[in-house]
Amino acid sequence: MSKIAFVLVLALLTASCNTVKRVGNTEKLLTKNTVYINQKANNTEAITNLVYQKPNRKLLGIPIRLHIYNLARPNIDSILEAKINKTAKRRNRLERLLSKKQLTQYINSRKGFNSWLQNTGEAPTIINKDKTERTINRLEAYYFHNGWFNAKATAKTVAVDSSRVKVDYHVQTGKPYIVDTLSVSIASPAIDSLYQAPENKTLIEKNTQYKTATFEQEKTRLTNYFRNNGVYHFKEDYVYFEMDTIRTGHKVKVDLQIQDRLIKNDDSTTRKPFEVYTIKDVNIFTEYDFLDKQTKQQDTLQYKGYTIFSPGKLRFRPKTLTDAVFITPDSTFRDMDRTLSYRYISELRTFKYPNIEYIENTDNTLTANVYLNPKKKFGLEFSAEVSQSNIQTIGFSLNPSVLMRNVFGGAETLQLTGFGSIGASKDAANDQDRFFDITEWGADLKLTIPRLLLPFNTDKLIPKSMSPTTRMSIATSSQRNIGLDKQNLTGTLNYRWKPNFKVTNRVDLFSVQYVKSLNPSNYFNVYSTAYNTLNNIAQSINYINPNTSLGIPEEANSFIQEALSNNPPFGLSVNNIQNIRNINERKERLTENNLIIASSYSYVRDNRTNLFDENFSIFRGKIESAGNLLSLASNMFGTPKNANDNFEIFDVAYSQYLKTELDYVKRWDLGKKQVLAFRGFFGIAIPYGNSNSIPFSKSFFAGGTNDNRAWTAYSLGPGSSDSNDEFNEANMKLAFNLEYRFNIFGDFYGAVFADAGNIWNALDNIEDPQATFTNLNSLQDIALGSGFGLRYDFGFVIFRFDTGFKTYDPSYQMGNRWFNDYNFTNAVYNIGINYPF
């Protein structure tokens, strides 16, 4: 492999001496474009994108794709034909062995590598005078539309050598034009009245530089404004701006003109003033078949001014249907009501994409017809997955799902999802391998209701335009021979609504999680580091023979009990006892059963305009509280405590804590397919009352492909402790990530990054000073990883490969933390899907 890479690099270096290898004698290779604006070079993306013809792209100053292209033979067809026709006998022999079609396929197969070089490479950019002229016109148009009406552009082609040229573009902008006055000429009284309304705020500001884009935006704004205030027939074409720049001293006098409505008849046209329309009737057809429009709507129902049609007995509650339609009878026409109705109906997941039509009446009113086509009552889905992890060699899973729509007649959705998997592993507690010894199964029942299910009316506080939903779910799962083996039972009741397109609110009013450890005796097989530490201590004091090991679990547990008793084995130091106490506390916490009854509130603000937006920010915040109601009830009713001074429910000490998470992501579009991305995260979970630690499922970890990529998941921290535990976790976390992403060529992208952060124990039962956050001095234990990565954009998904190096490692002593393991041997290689943040 290294030889192939060496040969390829050598070939590219050799080819780099001849970039004009495929340039004809009468052609010139374009090597550089420079745009000068008023004698000053401008290389911003907005300007460089105006140039039609660009030089071959370079990486580190080398046009690699051009060199790859030059390695291909342009006359490969004639070369292959010459080889076949080298002797008459050879062609005759091939034609006897192969048909003409097979011979053609054989020839094409020999072109494979050559075709790959041509497709992967980039043909030389040959200077083209027509494209240069088009660039001149585009530069002048750009500055004209940004207020420089007298801008002039020229181009000069400069010879670099006999085969290469560069092009210099010069633009003289002149003095910009400023918007001076805005006058209005509106023919229709109804339009004029709306325009003069206080809520109408124009985008055209006086004493600002003229920009065509501003006037286009004003056209769109006025069109939306009029159509959302009853003017049914209004279109953007009716808005016209007349500019006067004659002898104005580089000032623009603007006259906004809106004529009456144009009505076209057979051979004539007339004009009529615009009128404000109202909604007279709203008809909802509940089971309309677009393929069979003759379907008779037999049943008719009047509900709050709406007329509901159905071919038979109505299967939906009337309020469910009318809540989904924002067009209301006896209201002013608003174009946005149709858009809101489309979105709301689609979110119900009960109907196919609807159709809404307006019919114009003779009295300046409209009839709205809403055509709904229900989906099938039941839906069935299957998904399968093959997986691999550090626990299992290979695993197979199947996830069937049954969907029931309109369960109670209110467009509710009930979904039952089951899952089952089998996997192969080797349990350290067993001497024999057993294939498919891992099993996991479970089911999730989920009910989604398209409104807030509360005993009081919330329409004024959270109207239907916010798409409120209620979700209730209950799930159970059981794992066998996966670590300690777990059985989970969860139940939730949450509400979700969106005040606007950017903000999402969610309240988990009630969330219950019960986790039962099925195989706690397997702890030291799973957490082998803790066992090795315990075993080494036992051997060092001759508690066991140095050539033997503590038996799991009986001997290991007995040694812990004796070491922590009032009469510990001879030879144990204070440090040994503290280490054993730490091991035992961690063991008890990770093997205990957990009962978590919590409530939480989540807030998300996402400023992305679309999937391709690379200049946005996202803020996520969450606060969660657990165990407070249970603690209040336990104290009120005088519930007795267990031996550890904790209240219990069903023989399980419930968790009590307060947890908050803050997550902020920001991306800056630097142009030319370059993006700078930043993420900051802070989280803390504080136990109190009935708990002195946080359940493992609610704690934080550091490291991994989406966190600090110089450490593997769960391997970093806590704090400066040099922990080799398999799963390091704590109840406080700080994380910061900065990544610069850039295009290499085509769909290949590169990135350089820096990841900082760590986890600590704070305000819990951990007393190790190296693992706890005590004051701001603990910030010196923030780990820093840096590295680089490659990405390939498949369009629907991004494949990512990152290499992280430990730049600052807090597990080393102060003064010796920089660049200790900064090499490829100790690097961490991450494979991921999509961006890490």
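The values are calculated or read from the model by the stated rules, or taken from the named source; none is laboratory data. Small disclaimer: the values here were computed from a predicted structure and weren't measured. Virtual Cβ from ideal backbone geometry, glycine too; neighbours counted across all protein chains shown.
Results, tabulated for the structure shown:
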{"item": "Test: residue in region 662-673 that is touching a Ser or Thr at 6+ places or on another chain (Cβ under 7 Å) and under 18 Å from Y514 (Cβ atoms)", "result": "no"}
{"item": "Total residues in region 235-269, condition part of a loop (DSSP other than H, G, I, E, B) and over 22 Å from F149 (Cβ atoms)", "result": "7"}
{"item": "Qualifying position, being farther than 30 Å from E27 by Cβ and either modelled with pLDDT under 90 or part of a helix (DSSP H, G or I) (or both), among Q105, Q118", "result": "Q105"}
{"item": "Some residue of region 506-518 being touching a helix residue (DSSP H, G or I) at 6+ places or on another chain (Cβ under 6 Å), over 17 Å from T470 (Cβ atoms) and either touching a residue at least 60 places away in the same chain (Cβ under 8 Å) or not in a loop (DSSP other than H, G, I, E, B) (or both)", "result": "yes"}
{"item": "Flag if T212 is hydroxyl-bearing (S, T, Y), at pLDDT below 95 and more than 24 Å from E357 (Cβ to Cβ)", "result": "no"}
{"item": "Qualifying residue in region 15-24 (condition: of a type in the set (D, E, K, R), surrounded by fewer than 11 Cβ atoms within 10 Å (Cβ to Cβ) and modelled with pLDDT under 80)", "result": "no"}
{"item": "Positions within region 477-517 being charged (D, E, K, R) and within 28 Å of the chain's Cα centre (by Cα), in sequence order", "result": "R496, K498, K502, R506, D508"}
{"item": "Qualifying residue in region 607-624 (condition: free of Cβ contacts under 8 Å to residues at least 12 places away in the same chain, part of a loop (DSSP other than H, G, I, E, B) and surrounded by 15 or more Cβ atoms within 10 Å (Cβ to Cβ))", "result": "yes"}
{"item": "Some residue of region 560-576 being within 23 Å of N761 (Cα to Cα) and free of Cβ contacts under 8 Å to residues at least 12 places away in the same chain", "result": "yes"}
{"item": "One residue from N33, N70, N92 being among the polar types (S, T, N, Q), surrounded by 13 or more Cβ atoms within 10 Å (Cβ to Cβ), at pLDDT below 85 and not in a loop (DSSP other than H, G, I, E, B)", "result": "N70"}
{"item": "Unique residue being outside any loop (DSSP other than H, G, I, E, B) and crowded, with 20+ Cβ neighbours inside 10 Å when the list is L784, L790, L779", "result": "L784"}
{"item": "Every residue from region 122-161 that is among the small types (G, A, S), closer than 15 Å to I47 by Cβ and touching a helix residue (DSSP H, G or I) at 6+ places or on another chain (Cβ under 9 Å)", "result": "A151, A153, A155"}
{"item": "Top-ranked residue of region 36-63 - restricted to ones that are more than 36 Å from the chain's Cα centre (by Cα) and surrounded by 13 or more Cβ atoms within 10 Å (Cβ to Cβ), ranked as farthest from D161 (Cα to Cα)", "result": "I37"}
{"item": "Selection count, region 572-604, where residues are assigned to a strand (DSSP E or B) and of a type outside the set (G, A, S)", "result": "7"}
{"item": "Residues (farther than 30 Å from Q479 by Cα and polar (S, T, N, Q)) located in region 493-519", "result": "N500, T504, N505"}
{"item": "Positions within region 730-770 being surrounded by 15 or more Cβ atoms within 10 Å (Cβ to Cβ) and within 16 Å of M814 (Cβ to Cβ), in sequence order", "result": "N758, Q770"}
{"item": "Test result for A677, within 30 Å of F745 (Cβ to Cβ), modelled with pLDDT of 90 or more and either small (G, A, S) or not in a strand (DSSP E or B) (or both)", "result": "yes"}
{"item": "Candidates Y808, Y835, Y812, Y822 - the one that is of a type in the set (S, T, Y) and under 19 Å from the mean Cα position of the chain (by Cα)", "result": "Y835"}
{"item": "Top-ranked residue of region 632-670 - restricted to ones that are among the small types (G, A, S) and loosely packed, with under 14 Cβ neighbours inside 10 Å, ranked as nearest to Y603 (Cα to Cα)", "result": "A633"}
{"item": "Which listed residue, of K516, K587, is in contact with a strand residue (DSSP E or B) (Cβ under 7 Å, 6 or more places away or on another chain), charged (D, E, K, R) and under 24 Å from P695 (Cα atoms)", "result": "K516"}
{"item": "Single residue of T208, T173 found to be farther than 30 Å from V276 by Cβ, buried (at least 17 other Cβ atoms within 10 Å of the Cβ) and under 44 Å from the mean Cα position of the chain (by Cα)", "result": "T173"}
{"item": "Of the criteria (1) outside any loop (DSSP other than H, G, I, E, B); (2) surrounded by 14 or more Cβ atoms within 10 Å (Cβ to Cβ), which one S183 fails", "result": "(2)"}
{"item": "Complete set of residues in region 474-527 that are polar (S, T, N, Q) and farther than 23 Å from E440 by Cβ", "result": "N494, N500, T504, N505"}
{"item": "Filter result (of a type in the set (A, V, I, L, M) and under 30 Å from I64 (Cβ atoms)) within region 746-782", "result": "A751, V752, A754"}
{"item": "Of all residues making up region 537-557, the number that are on the phi < 0 side of the Ramachandran plot and loosely packed, with under 13 Cβ neighbours inside 10 Å", "result": "5"}
{"item": "Verdict on L629 being buried (at least 17 other Cβ atoms within 10 Å of the Cβ) and either in contact (Cβ under 8 Å) with a residue 12 or more places away in the chain or assigned to a helix (DSSP H, G or I) (or both)", "result": "no"}
{"item": "T591 vs. criteria exposed (fewer than 13 other Cβ atoms within 10 Å of the Cβ) and hydroxyl-bearing (S, T, Y)", "result": "no"}
{"item": "Candidate set from region 211-234 (those that are hydroxyl-bearing (S, T, Y) and within 16 Å of G147 (Cα to Cα)); member that is surrounded by the fewest Cβ atoms within 10 Å (Cβ to Cβ)", "result": "T212"}
{"item": "Residue count for region 451-469, restricted to those that are within 18 Å of T339 (Cβ to Cβ) and in contact (Cβ under 8 Å) with a residue 40 or more places away in the chain", "result": "3"}
{"item": "Close pairs from region 814-837: first of a type in the set (G, A, S), partner not in a loop (DSSP other than H, G, I, E, B), Cβ under 6 Å, at least 6 apart", "result": "A827/T803; A827/F805; G832/R800"}
